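Student: This is the structure I want to talk about, given as structure tokens.
The values are calculated or read from the model by the stated rules, or taken from the named source; none is laboratory data. Keep in mind that this is a model prediction, so the values were computed, not measured. Every residue, glycine among them, receives a Cβ derived from its backbone with ideal geometry; neighbour counts consider all protein chains shown.
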Amino acid sequence: MNKTEKQQEIFQAALKMFARYGFKKTTVEDVAAEVGMTKSNLYFYVANKRDLYEQTVGDALRQWRDSIASAIAEKDDAVDKFSVMASKSFEYLSHHPDLRSILIMDPGIFTLSPEEDRFAEINQGAMLLIKDILVQGVREGVFYEVDVDHISELLFSIYIMFLIKTYIKSEGISAFRMYEEGLALILRGLCRKEL
């Protein structure tokens with residue numbers, strides 16, 4: 001097993017442990033034992049427990065973003081890409097309970113303030129997905145001319161708010177319906193012709 005594969009094994013085990021026991025109760029020894037290594041060997045991959053946690057969460061968020069990028073890549077049309085991005089991004093947590101549990105225990109992972117964003121690089125990548133779709137839609141004449149930088153940030157902020165309402169605040173089905181209606185409204189506002 002190479003270093004990258006071992007890191008993935010560590011992150012997967014750590015994600016389960018942090019989801020189950022939280023940051024405070026999870027120990028580096030627990031995670032090391034889960035992957036069949038010693039605590040000192042684990043320190044070849046991470047500096048300390050906080051580093052293990054941040055890298056584990058970062059890896060899970062990257063996988064989330066990359067799965068959305070893959071789903072978008074299967075579409076050609078900007079409207080289809082936007083719709084797939086919105087639905088897949090929103091549904092992702094319903095299929096990943098460990099990450100959902102961590103987000104509930106650590107809602108500070110979702111922030112609208114760039115200064116407080118511990119995962120800014122990952123979130124910038126997510127906003128770039130939005131921006132690329134907007135640029136394509138504007139270029140092809142499907143979307144109205146908009147300031148793609150500002151609109152990307154606005155849409156990402158709305159998305160984060162809905163994730164918090166649905167998965168952190170547990171407003172569930174009502175937040176999901178509101179999200180669907182909001183998505184339809186946004187697309188009607190972006191698109192030059194009726195869908």
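Student: If I filter the range 141-177 down to residues being among the hydrophobic types (A, V, I, L, M, F, W, C) and over 26 Å from residue 98 (Cβ atoms), which single residue comes out as surrounded by the fewest Cβ atoms within 10 Å (Cβ to Cβ)? Give the derivation first.
Tutor: Start the filter on the range 141-177 by keeping residues that are among the hydrophobic types (A, V, I, L, M, F, W, C), which leaves 142-143, 146, 148, 151, 154-156, 158, 160-164, 168, 173, 175-176.
If we keep only those that are over 26 Å from residue 98 (Cβ atoms) too, we end up with 142-143, 146, 148, 151, 154-155.
Values: 142: 16, 143: 23, 146: 16, 148: 18, 151: 19, 154: 14, 155: 22.
Within the range 141-177, the match that is surrounded by the fewest Cβ atoms within 10 Å (Cβ to Cβ) is 154.
Student: Another question, if that's okay. Is one or more of the residues making up the range 92-112 in contact with a strand residue (DSSP E or B) (Cβ under 9 Å, 6 or more places away or on another chain), buried (at least 17 other Cβ atoms within 10 Å of the Cβ) and touching a residue at least 12 places away in the same chain (Cβ under 8 Å)? Let's see the steps before the verdict.
Tutor: The initial filter retains those residues of the range 92-112 that are in contact with a strand residue (DSSP E or B) (Cβ under 9 Å, 6 or more places away or on another chain), namely none.
No, there is no match, as no residue in the range 92-112 is in contact with a strand residue (DSSP E or B) (Cβ under 9 Å, 6 or more places away or on another chain), buried (at least 17 other Cβ atoms within 10 Å of the Cβ) and touching a residue at least 12 places away in the same chain (Cβ under 8 Å).
Student: For residue 78, are the conditions met, namely being crowded, with 19+ Cβ neighbours inside 10 Å, modelled with pLDDT of 95 or more and not acidic (Asp, Glu)?
Tutor: Yes: the conditions hold for residue 78.
Student: When you scan the range 10-32, do you find a residue that is in contact with an Asp or Glu (Cβ under 9 Å, 6 or more places away or on another chain), at positive phi and either at pLDDT 95 or above or in a helix (DSSP H, G or I) (or both), even just one?
Tutor: Yes: one or more hits.
Student: State yes or no: is residue 75 among the basic types (Lys, Arg) and part of a loop (DSSP other than H, G, I, E, B)? Talk me through it step by step, then tell me what you get.
Tutor: On the way: among the basic types (Lys, Arg): yes; part of a loop (DSSP other than H, G, I, E, B): yes.
Yes: the conditions hold for residue 75.
Student: Within the range 31-42, is even one residue touching a His at 6+ places or on another chain (Cβ under 8 Å) and either within 27 Å of residue 169 (Cβ to Cβ) or exposed (fewer than 13 other Cβ atoms within 10 Å of the Cβ) (or both)? Reasoning before the result, please.
Tutor: Of the residues in the range 31-42, the ones touching a His at 6+ places or on another chain (Cβ under 8 Å) are none.
Taking every residue of the range 31-42 in turn, none turns out to be touching a His at 6+ places or on another chain (Cβ under 8 Å) and either within 27 Å of residue 169 (Cβ to Cβ) or exposed (fewer than 13 other Cβ atoms within 10 Å of the Cβ) (or both).
Student: Any idea which of 117, 77, 51, 59 is over 30 Å from residue 171 (Cβ atoms), free of Cβ contacts under 8 Å to residues at least 60 places away in the same chain and among the acidic types (Asp, Glu)? Outline the logic, then answer.
Tutor: Details: 117 fails: over 30 Å from residue 171 (Cβ atoms); 77 fails: free of Cβ contacts under 8 Å to residues at least 60 places away in the same chain; 59 fails: over 30 Å from residue 171 (Cβ atoms).
51 is the lone residue from the list that is over 30 Å from residue 171 (Cβ atoms), free of Cβ contacts under 8 Å to residues at least 60 places away in the same chain and among the acidic types (Asp, Glu).
Student: Looking only at the range 72-92, decide whether some residue is in contact with a Leu (Cβ under 7 Å, 6 or more places away or on another chain) and either acidic (Asp, Glu) or closer than 19 Å to residue 8 by Cα (or both).
Tutor: no
Student: Conditions first: (1) more than 17 Å from residue 90 (Cβ to Cβ); (2) without any contact (Cβ under 8 Å) to a residue 24 or more places away in the chain; (3) under 20 Å from the mean Cα position of the chain (by Cα). Residue 171 passes all but one, so which condition is the exception?
Tutor: Exception for residue 171: condition (1).
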